[in-house]
Amino acid sequence: MVLKSDDVNYLIYRYLKESGFLHSSYIFQFESQICKSDGEMPNVEPGSLIRVLQKGLQYMDVETHLNEDGTARLCTAPFSLVGKHVCSVQPDSRAAAKASPSKSSATQRGYPLETSSHGGHTLVHDTKEKQAAVRSVADDDDSMQMDIDVPDTEKESRPMEAKSKRRGQTIDSAQVLQGHSASVYSCAWSPGSASVLATGAGDGTARIWDLSGKSPERDGIVLRHDTGAEAEPQVDITSIVWNEQGTLLATASFNGQLRVWSSTGEPKQALRQRRAPIIAMRWNRKGSCLLSAYLDGYIALWDMQTGQMRHELRAHSGCVLDVDWLDNTTFASCGNDKAIRVWRDGETQPIRTFSGHKSDINAIKWHPGGKYLASASDDGSVKIWSLADSLVHDLIGHSQQVFMVKWLPRAEKAVLASASFDSTIRVWDAQSGSCLRVLDAHSKAVDSLSFSSDGRYLASGSFDRKVCIWSVKDGLLFKSYVADDAVHDVQWASKGRVAAAIANSQVVHWGVDLLLLSTALAGIRRSTGFKFNSGSITDNETARAYIDKYLLFGETAISIAASQMSSYPKYFSKE
């Protein structure tokens, strides 16, 4: 038997990656240099490290409790990887042992022989019963309806925290795209077309999908970051991002390659490769500059007219985890050195540095109006900063790492959503610093968020395989979709379509507005006798309010409101 350090390192890398610790897995892969090991690394099954540890733990258990005569010593104390084991026996366990002497000592202590977990994240296959529990949507929760509206920045919001009502139906009409051959890590809708979707995966490719037809091309347009040779090891696509015009797509890989493509997949530029993994990228608003963040602590600013690097800055002492533009010349960066720095194009030193987080800062995001900068950290906090006043609010509520923050896409509002490894999403009023509500339909870490373009809905993705669609106004769950594996990314298109990147190499997408409206129109007509006049549905808040009420509370609630509908002849007419 030969135990190689490269094999051990590879299992640790796979464990980190499967558990959702993508930043940690990238750092470990980079520092251990397993990507440079001789030969191609095997494609081991998920949970391999846990199974090896589990079998070793069981062997240690047997070895510890085996008497010299070959009989097993009775012990009900848990056997752990860490800490000294002290044998003990529960009073009622002796009788149970006599009644069933054939049971192994491991089974008596309740070792999970089929599943195992770490930090709340299941690492091997669940039982059928557990899968069924995950797939069910909690329709029977009888908590009270929320009456909190999205606050105006000019108004004083209510300093309260409320949990969401888990209602909604399961989405069963999603379309699945199956061109990738490894985990899909990211997806991005083109701002120029609501039917064009880009995806990036661990198979060394990004892809562009045209979903305007009923049957999109099977593999999409393949954008390779390798030569396609069978012997060449695959490299993860770590980031994909469209410019705001939807004309160019930038893709980056773990080996430092950065490439720019047209919206139809034609290669435009292969930017000079730095020998460090790229963690994040962002275009400025004009699309004239591309910002890239690297694992070695550097950020690079690229001129898209010339394809040359304009600046290379040592931004952080550790790795850079996220970057975001304030405008065409000013941007911010964050890293695992617990600092946020604000930079201006052409200057080599930061114009502001924000300190206060106690651990890695995973994400930063500027408010659409530019007034605030939000940050999410492994210390469990969300902080709101401003260039004028430094720290504005320290938002405390999550019990574990906060992975992502997203602003409501309306400049006149100051509402923020945060996603955490504690399995919840929190909605905050950045003006007052209060938590408006907690969205808690997920059972595992939430790692992705996306608002609809009108700010009415929020989509969330989680390791529990679910995509949930929430009402921002009421905090109620509209719909949920259960995938075949963990959800790595979820994105909302400009015209009511949602896409999700799945760990089993799939991409799923569906039209949310069409699902909601088709259900509501038929139900409202059936229960009230009123129909919507042409053009009133999407253009008027009154019409949409009745649709929302029907979808959330059913025909009984909408039939009560039927008498009010006659007061709006512009939007409703009696059949």
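The values are calculated or read from the model by the stated rules, or taken from the named source; none is laboratory data. Here the structure is a predicted model, which means the values were calculated and not measured. Every residue, glycine among them, receives a Cβ derived from its backbone with ideal geometry; neighbour counts consider all protein chains shown. Ligands, DNA and RNA are stripped out before the accessible areas are found, and what is left, the full protein with its side chains, is counted by its heavy atoms. Shrake-Rupley method; radii C 1.70, N 1.55, O 1.52, S 1.80 Å.
Okay, here's what the table says:
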{"quantity": "Probe 1.4 Å - accessible area at E18, Å² to nearest ten", "calculated": "70"}
{"quantity": "Over segment 290-337: Kirkwood hydrodynamic radius from C-alpha pairwise inverse distances, Å", "calculated": "10.9"}
{"quantity": "Debye log10 I(q)/I(0) at q = 0.27 Å⁻¹ for segment 328-387, Cα point scatterers", "calculated": "-1.17"}
{"quantity": "Computed lengthening from E312 to V176, 0.36 nm per intervening residue step minus Cα-Cα distance", "calculated": "44.9 nm"}
{"quantity": "Viscosity 1.567 mPa s, temperature 4 °C, Stokes-Einstein D of segment 178-299 from Kirkwood C-alpha radius, µm²/s", "calculated": "89"}
{"quantity": "Theoretical gain in end-to-end length, Q305 to I351 [0.36 nm per residue, Cα-Cα removed]", "calculated": "13.9 nm"}
{"quantity": "Net +/- balance of residues flanking S355 in space, Cβ distance below 12 Å, scoring K and R +1, D and E -1", "calculated": "+4"}
{"quantity": "Segment 284-381 - Rg (one decimal) and Dmax (whole number), Cα, Å", "calculated": "12.9, 42"}
{"quantity": "Calculated FRET efficiency for the pair L391/K55, C-beta based, R₀ 45 Å, to 0.05", "calculated": "0.35"}
{"quantity": "Prolate/oblate/rounded label for segment 240-308 (Cα gyration tensor, a/c 1.5)", "calculated": "prolate"}
